[in-house]
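Worksheet: one structure, shown below.
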Amino acid sequence: MKQVTTMLGELLKIFPRYEFEKLEKQHQSNHYTKYFTGWQQLITLFYAQIVGHDSLRGIQTSLGVHAQKWYHLGLEDIKRSTLSDAMKNRPHQIYEGLFYKLLEKCRSVTPDHKFRFKNPLFSMDATVIDLCLSVFP
């Protein structure tokens, strides 16, 4: 049988899971967690970004429809309240640390290029462009 790698699978190859788990231990993010770990939250957020869901209800419904396909990633059926609590209680420093790990990885791949952010780094949500398209033809 031919193996097909999905976009989510390709994204997860970039992120070193063992380093993410070290960040989780460092910030004690799974201290009171029963089953929804930070890694599972990261997978859920990647999936929501790829599919384009921006609400907890949409994420939960979409994951519920495909629940039988998530066993290889270690995801189970996720309730909306569990996802909401994880978003509220999990420290953001884990994902900040993950950003710096990836930046370090980029620097090692391109040692000749200097990766510096002289100005503040801003990220912009592309949904704003769709909303303003009627105002700015």
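Please treat every number below as a calculation from the coordinates, not as lab data. Since the structure is predicted, the reported quantities are computational estimates derived from the model, not experimental observations.
Work out, step by step, the length gained on full extension between Lys105 and Phe117: first 0.36 nm times the residue separation, then minus their alpha carbon distance; give nm to one decimal.
Details: separation 12, 0.36 × 12 = 4.32 nm, distance 1.58 nm.
So the extension gain works out to 2.7 nm.
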Sequence order, the stretch 38-46: Karplus ³J(HN,Hα) from phi using 6.51 cos²θ - 1.76 cosθ + 1.60, θ = phi - 60°, Hz rounded, Gly and Pro as x, gives x, 5, 5, 5, 4, 4, 5, 5, 4
At q = 0.19 Å⁻¹, work out log10 I(q)/I(0) for the stretch 7-112 with the Debye formula, treating every Cα as an identical point scatterer and leaving solvent out; two decimals please.
-> -1.03
Do any of Lys22/Lys88; Lys69/Lys105; Lys25/Lys105; Lys34/Lys69; Lys22/Lys118 go past 27 Å between their Cα atoms, and which?
-> Lys69/Lys105; Lys22/Lys118
